[in-house]
1. If you check Asn218, Asn224, Asn246, which single one turns out to be over 21 Å from Arg291 (Cα atoms) and either of a type in the set (Asp, Glu) or in the same structural domain as Arg173 (by TED's automatic domain parsing) (or both)?
2. Determine the pairs where a residue that is of a type in the set (Asp, Glu), located within region 245-265, has a partner that is at pLDDT 85 or above with Cβ atoms under 7 Å apart, the partner being 6 or more residues away or on another chain.
3. Of all residues in region 1-44, how many are out of contact with any Lys or Arg (no Cβ under 7 Å at 6 or more places or on another chain), assigned to a strand (DSSP E or B) and without any contact (Cβ under 8 Å) to a residue 40 or more places away in the chain?
4. Against the definition (among the small types (Gly, Ala, Ser) and either more than 27 Å from the chain's Cα centre (by Cα) or farther than 22 Å from Ile36 by Cβ (or both)), how does Ser273 come out, yes or no?
5. Using the structure shown, decide if Ala286 is small (Gly, Ala, Ser) and modelled with pLDDT of 90 or more.
6. Looking at Ala286, is it part of a helix (DSSP H, G or I), aliphatic (A, V, I, L, M) and either surrounded by fewer than 21 Cβ atoms within 10 Å (Cβ to Cβ) or outside the structural domain of Leu197 (by TED's automatic domain parsing) (or both)?
7. What is the residue count in region 191-250 for residues that are at pLDDT 90 or above and not in a helix (DSSP H, G or I)?
8. Considering (1) at pLDDT 90 or above; (2) assigned to a loop (DSSP other than H, G, I, E, B), say which one Ile165 fails and leave the rest.
Amino acid sequence: MSQKIIAKVSDGEVKKLKNELKLLQEVKPDLSISAIRFGTLGDDNVISFNTEDENYPLIVDKMVQLGINLLLPIVKQAGEKTAVVENNINNKEASPDNSQRKQNKDNPASVIDSAIKSGDYETLIKVSKDIRFGHEQMKKAKDNLYDTVISEIDRVYSLGQKSRIQRVDCIERLIKIASDKDIKALHKIDALKAAGLAAVKLCTTSNDYMSYLIQLCNNNVVPNIINVNAAIALSGLVLPESGQSNEDLDYAIKYLNYKWLLIAYDIVINELSSKEKDRFIQLINAIKDKR
């Protein structure tokens, strides 16, 4: 069973927390942490995420050590008890209160409706495979999966457009969706493509995200059209006529698996426009010339 943690944070605290969580996961490979969700409480930034019961005390203790203001669980801070304000958070991903949790546990329809409303497609996937929910609810979960994934993609992409601070997290979330093997197994390929294309668009907002474009180029799990579109977008950032330095091109050449890209290109070539083909070939030629 998982537990939710909610905290008020500054930008600096988010970076510190992510670094600490990464270190903890290196020490404890079985440490499971959900994607961090961002919201607001008045003028304050708020984050929430889930972790398994056995890891809950460890993570809470680490956050207290970092001086992060926890809203849930309630902990003693500066001699005062922090108030629980979870339901006031402007974040549709915030957990329901205890009565809602009990209702969801007792009412399978509530689990599905809540997941659809919040964009929690992972829950729908679990329900669609769980015979304890019954055939009707399993079918409902599966029938609503595509729209729920698209809703989550739209939410994350919109957040990434608006917030530079959260853009990296949004890109990573979209790549995770685009690489989701469960979505692929349920034949929602268009949803995978939508997530990948949204990630590519966010990556093109700055050369700071070039490494994520390279990651998408080399990813052998996402649909091949995403590999190629990432390469086309990358060409616009690193080729000489874009006005960027040779360092950007050298970096891309060092890490790109261009042989994989050529395989992907052959598979999706009929889906590309003449201009897209030209941009892709220009990148490949630049790689060959440099190597």
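The values are calculated or read from the model by the stated rules, or taken from the named source; none is laboratory data. Computed from a prediction, not measured in an experiment: that's the story for all the values here. Every residue, glycine as well, gets a Cβ built from its backbone with ideal geometry; the counts of neighbours run over all protein chains shown.
1. Just a single option satisfies the conditions, and that option is Asn224.
2. From residues that are of a type in the set (Asp, Glu), the pairs are Asp248/Asn207; Asp248/Met210; Asp248/Leu237; Asp248/Val238.
3. Residues meeting the conditions: 1.
4. Spelling it out, Ser273 is indeed among the small types (Gly, Ala, Ser) and either more than 27 Å from the chain's Cα centre (by Cα) or farther than 22 Å from Ile36 by Cβ (or both).
5. When the stated conditions are applied, Ala286 does not pass them.
6. Yes: the conditions hold for Ala286.
7. 7
8. (1)
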